[in-house]
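*Asks:* Sharing a structure, written as structure tokens. Questions coming.
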Amino acid sequence: MKRKDIKNSTIGIIISCVLIFIILNIFSFVRSYDREQKSIAENRIGNQWSDTISDRSSNSPLLQPMDKEIERFMQRWELRGMQIAVSRNDSLLYIKGYGFADKEQNKPMKANSIMRIASSSKLITATAVMKLVENGKLRLDEKVFGENGILNNPRFTNAIQDKRHNDITVEDLLLHRGGFTLGAGDPMFNTNEIIKAKKLKKAPSDNKLIEIVLGRKLGFQPGTGHRYSNFGYMLLSKIIEQRSGRSYWDYVREEILLPSGITGIQPATNYYEERLPREVRYYSPDNELVEEFNGSGKMVDRCYGGANIHGLMGAGGWLASAADLSRFIASIDGDTGFRDILSANSVKRMTAFEEKGNVCIGWTKVDPEGNWLRSGTLSSAHSLIERFPDGECWIITMNTGVWRGFHFTKEMIRLVDRLRSKYSSSLPHQNLF
């Protein structure tokens, strides 16, 4: 090769390297800039309302009798802490914390304290599923398992013993019609029994748990019956991951929460030491120690290690304040006061009343009059969302479990009915959003 050719070749290589270096730096800068802008946007959203709201914004002499009634309710049921939020026509009128966020640390429950919302998480998950449907990435009639199913991982397909598993659709899971029953216990809460039965060395991963449950027989033909299933909503979380290409938590955060202006709703933690800023302390209705969920053999506080709350994913794995939930409801209620993140058709589908079985997507119950209800229960927390036909929405969150379990929901409903009938007209005319 001539000296001139070598020189030209060398110059060409140097220029190519310089161009590649410039392109990579531009790409890195753009990604860094996008992350920075996203962070700024998230902080701006939080600073607008969620991080700054306080009890003072809802103080009113006209509502002092309501405060007393709530305090009596808490005393009767030995509740450590509680929040109540009220919105009307997508405007947040009232938000207040009562009692303690952490009694041992003498920290009061604040308007923006966050806590476990239990099965109210399912409403968030159902919204994420409907968003995927709207974007053409998922169909409600798609099969979940089998060679052509969404979750067609060979380890799942090979684990199936009851071929009826291959008939389960996305809609079946949303409506608790997947055929899963509790004959062997709730797989989301009896991991210790599973560890012992399967001779595992540790708590099963979500994929391992799916594999184990698929080895069982279904209780009924999918689509023909109804049985509440936490496991079914964990499967929906995995479907969201499969079709979005993101983790369940990231997809919900980026496609559902941030577009709704919400930064306070966060993935749940399992232990007190892991708690997030503004997260409360939890209290069970008894002081009984239970075996840690991961098979360690340690005896722990039921609220901290008795169950894998984070592992519930879309079935019950979110933290929120009542105010956060109020804003979330405003984004999926079809009201024009706040921009919805779902289409009118999706909102209508989620809240459609079905007389036979009265099942609906995401919500616990709807009725022909247009009342929508969602509740959640754990040994460490309760939550209630009630939206009424007149556009008013009452939300309760609390950091204390009650011995009546899910039956306690009826008491929360009675409380809302009393407060709404007495004090609705006295609520402040404001919008804390």
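*Asks:* Looking only at helices (runs of 4 or more DSSP H) that lie completely in the range 200-258, which have at least 1 residues being within 14 Å of Thr169 (Cα to Cα) and open to solvent by less than 50 Å² (accessible area, probe 1.4 Å)?
*Replies:* Numbers: elements: 206-214, 230-244, 248-252.
In the range 200-258, the matching helices (runs of 4 or more DSSP H) lie at 230-244.
*Asks:* Restricting to the range 259-308, what's the tally of residues that are of a type in the set (Ser, Thr, Tyr) and open to solvent by 30 Å² or more (accessible area, probe 1.4 Å)? Lay out the reasoning, then the answer.
*Replies:* Step one: of the range 259-308, the residues of a type in the set (Ser, Thr, Tyr) are 260, 263, 269, 271-272, 282-284, 296, 304.
Next cut, open to solvent by 30 Å² or more (accessible area, probe 1.4 Å) only: 263, 271-272, 296.
Of the residues in that region, 4 qualify.
*Asks:* Of all residues in the range 157-209, count the ones that are under 25 Å from Gly223 (Cβ atoms) and of a type in the set (Val, Ile, Thr).
*Replies:* Total satisfying the criteria: 6.
*Asks:* Then there is this: Would you confirm, using the coordinates I've provided, whether Tyr272 is out of contact with any Lys or Arg (no Cβ under 7 Å at 6 or more places or on another chain) and more than 26 Å from Asn158 (Cα to Cα)? Walk me through it before giving the result.
*Replies:* Details: out of contact with any Lys or Arg (no Cβ under 7 Å at 6 or more places or on another chain): no; more than 26 Å from Asn158 (Cα to Cα): yes.
For Tyr272, the condition - out of contact with any Lys or Arg (no Cβ under 7 Å at 6 or more places or on another chain) and more than 26 Å from Asn158 (Cα to Cα) - is not met.
*Asks:* Still on this model: For the range 165-188, which residues satisfy the criterion of being in a loop (DSSP other than H, G, I, E, B), in contact (Cβ under 8 Å) with a residue 12 or more places away in the chain, farther than 12 Å from Gly225 by Cα and open to solvent by 20 Å² or more (accessible area, probe 1.4 Å)?
*Replies:* Leu182, Gly183, Ala184, Asp186
One line per residue, one yes/no per condition, for (1) over 28 Å from Arg404 (Cβ atoms); (2) over 21 Å from the mean Cα position of the chain (by Cα):
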residue: Phe73; (1), (2): no, yes
residue: Met82; (1), (2): no, no
residue: Val86; (1), (2): no, no
residue: Leu92; (1), (2): yes, no
residue: Phe100; (1), (2): no, yes
residue: Glu104; (1), (2): no, yes
residue: Ser121; (1), (2): no, no
residue: Lys143; (1), (2): yes, yes
residue: Glu147; (1), (2): yes, yes
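*Asks:* So which residues in the range 376-401 are closer than 18 Å to Phe189 by Cα and open to solvent by 10 Å² or more (accessible area, probe 1.4 Å)? Lay out the reasoning, then the answer.
*Replies:* Taking the range 376-401 and keeping what is closer than 18 Å to Phe189 by Cα, we get 376-382, 401.
Listed by number, the residues that qualify are Thr377, Leu378, Ser379.
*Asks:* Cβ contacts < 7 Å: first residue more than 17 Å from Ala111 (Cα to Cα), restricted to the range 59-71; second residue in a helix (DSSP H, G or I) and open to solvent by less than 60 Å² (accessible area, probe 1.4 Å), any location; separation 6+ or different chain. Result?
*Replies:* Leu62/Ser426; Glu69/Leu419
*Asks:* Sticking with this one: Return the residues of the range 146-164 that are touching a residue at least 12 places away in the same chain (Cβ under 8 Å) and part of a loop (DSSP other than H, G, I, E, B); say none if nothing qualifies.
*Replies:* Filtering the range 146-164 for residues touching a residue at least 12 places away in the same chain (Cβ under 8 Å) gives 146, 149-151, 153, 155-157, 159-162, 164.
The answer is Gly146, Gly149, Ile150, Leu151, Asn153, Ile160, Gln161, Asp162.
A quick yes/no check of all residues on (1) in contact with a strand residue (DSSP E or B) (Cβ under 7 Å, 6 or more places away or on another chain); (2) at pLDDT below 95; (3) surrounded by fewer than 20 Cβ atoms within 10 Å (Cβ to Cβ):
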| site | (1), (2), (3) |
| --- | --- |
| Arg3 | no, yes, yes |
| Ile13 | no, yes, yes |
| Asp34 | no, yes, yes |
| Lys38 | no, yes, yes |
| Ser60 | no, yes, yes |
| Lys68 | no, no, yes |
| Ala85 | yes, no, no |
| Met109 | yes, no, no |
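*Asks:* Test Tyr228 against the stated conditions and say whether it is hydroxyl-bearing (Ser, Thr, Tyr), touching a His at 6+ places or on another chain (Cβ under 8 Å) and in contact (Cβ under 8 Å) with a residue 24 or more places away in the chain. Full working, then the answer.
*Replies:* Working: hydroxyl-bearing (Ser, Thr, Tyr): yes; touching a His at 6+ places or on another chain (Cβ under 8 Å): yes; in contact (Cβ under 8 Å) with a residue 24 or more places away in the chain: yes.
So Tyr228 fits the description; yes.
*Asks:* Go through the range 283-331 and give me each residue that's within 21 Å of the chain's Cα centre (by Cα) and of a type in the set (Asp, Glu).
*Replies:* The answer is Asp324, and nothing else.
*Asks:* Oh, and also: Residue by residue through the range 163-197, note down the ones that are among the aliphatic types (A, V, I, L, M) and within 14 Å of Leu140 (Cβ to Cβ). Quick ask: steps written out before the conclusion?
*Replies:* As a first pass, look at the range 163-197 and keep what is among the aliphatic types (A, V, I, L, M): 168, 170, 173-175, 182, 184, 188, 194-195, 197.
Matches in the range 163-197: Ile168, Val170, Leu173, Leu174, Leu175.
*Asks:* Then there's this: Taking Ile160 and the conditions (1) among the aliphatic types (A, V, I, L, M); (2) surrounded by fewer than 19 Cβ atoms within 10 Å (Cβ to Cβ); (3) within 29 Å of Thr364 (Cβ to Cβ), which numbered condition does it fall short on, given that it satisfies the others?
*Replies:* All conditions are met except number (3).
*Asks:* Then there's this: Filter the range 189-199 for residues that are assigned to a loop (DSSP other than H, G, I, E, B) and open to solvent by 40 Å² or more (accessible area, probe 1.4 Å); which is farthest from Phe231 (Cα to Cα)?
*Replies:* So in the range 189-199, the residues assigned to a loop (DSSP other than H, G, I, E, B) come out as 189-190, 198-199.
Those still in the list that are open to solvent by 40 Å² or more (accessible area, probe 1.4 Å) too: 189, 198-199.
Numbers: Phe189: 10, Lys198: 18, Lys199: 21 Å.
Ranking the candidates gives Lys199 first.
*Asks:* Could I ask something else about it? Taking the range 272-286 on its own, how many of its residues are under 18 Å from Thr377 (Cα atoms) and assigned to a loop (DSSP other than H, G, I, E, B)?
*Replies:* Kept after step one, since they are under 18 Å from Thr377 (Cα atoms), are these residues of the range 272-286: 279-286.
So of that shortlist, the ones also assigned to a loop (DSSP other than H, G, I, E, B) come out as 280-282, 284-286.
Of the residues in the range 272-286, 6 are under 18 Å from Thr377 (Cα atoms) and assigned to a loop (DSSP other than H, G, I, E, B).
The values are calculated or read from the model by the stated rules, or taken from the named source; none is laboratory data. Remember, it's a predicted structure, so these values are computed and weren't measured experimentally. In this analysis, Cβ positions are derived from the backbone assuming ideal geometry, glycine residues included, and neighbour counts consider all displayed protein chains. Heads up: the accessible areas ignore ligands, DNA and RNA and are worked out on the full protein's heavy atoms, side chains in. Shrake-Rupley method; radii C 1.70, N 1.55, O 1.52, S 1.80 Å.
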